[in-house]
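The values are calculated or read from the model by the stated rules, or taken from the named source; none is laboratory data. As the structure is a computational prediction, the values presented were derived from the model and not from experiment. Using ideal geometry, Cβ is built from the backbone for each residue, glycine included, and neighbour counts are taken over all protein chains shown.
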Amino acid sequence: MWPSRRAAPTVGQHHWFDGGESPQKGWVVPIPLRATDGAPLENIAMGLGWDAAKRRLFGSQPDAIDLNAAALLFSGDQLVEAVYHERLESSDGAVRLHADNLTGDGPGDDETITLDLNRLPSRISGVALLVTCYTGQTFNKIRNGFCRLLDRRSGTQITWQTMLRGPHTGMIMGILLRTNDGWYYTEIAEGITADHPREAMPQLARYLS
């Protein structure tokens, strides 16, 4: 499941967390992934962005900050497969990570994961969306970090989260769950200690039911 690590190098907008010192725990409202006309949103994307480490006027250059977006696919609470910087595509091609930005350089989304929910096999009941810091910096050191969920067909933004600041090295962005009424998305915005998706596994189970 986990290969060896690489060498270090219209849906309404919902925005309930603004990146303060701690998340607003307890306020998590599932968002139905449906357009205003009731049609299911089947082709969505997770966008992740942050600013490169700020250059100093004097002295050595700062260490690069390498954040990674990840999508972990579950059947119940059992991990089926993961899409992240060491595996860029799910086995059926329904979930893809488009490139791996190592520094945060560049405008807009630095990393994007696309999800074709209609192509996921029926045994996939949930997808966890994560951000981890491969280079190990805490999120207190990340400038202008954000993650968002959008409908790819219309370009409509479903959610936006300013990056949770704190002493953690990872964050659970949210959980996609399949129900009898279609897919729902729940924002979590919880800081975790994880610089690799495998280290987030023990902290995910309670959100998958």
So which residues in the stretch 123-157 are small (Gly, Ala, Ser), modelled with pLDDT of 95 or more and in a loop (DSSP other than H, G, I, E, B), if there are any at all? Ser125
Flag if Val11 is aliphatic (A, V, I, L, M), at pLDDT below 50 and surrounded by 18 or more Cβ atoms within 10 Å (Cβ to Cβ): yes
What pairs can you find where one residue is in the stretch 178-198 and outside any strand (DSSP E or B), the other is of a type in the set (Gly, Ala, Ser), and their Cβ atoms are less than 6 Å apart, with a gap of 6+ or different chains? Ala194/Gly170; Ala194/Ala200; Asp195/Gly136; Pro197/Ala70; Pro197/Ala82
Does any residue of the stretch 106-120 turn out to be buried (at least 21 other Cβ atoms within 10 Å of the Cβ), among the hydrophobic types (A, V, I, L, M, F, W, C) and in contact with a Gly (Cβ under 7 Å, 6 or more places away or on another chain)? no
Determine, yes or no, whether Val80 is more than 19 Å from Thr138 (Cα to Cα) and at pLDDT below 85. no
So which residues in the stretch 164-180 are basic (Lys, Arg) and within 14 Å of Arg34 (Cα to Cα)? Arg178
Restricting attention to the stretch 184-191, does a residue exist that is farther than 23 Å from Asn43 by Cβ and in contact with an Asp or Glu (Cβ under 8 Å, 6 or more places away or on another chain)? no
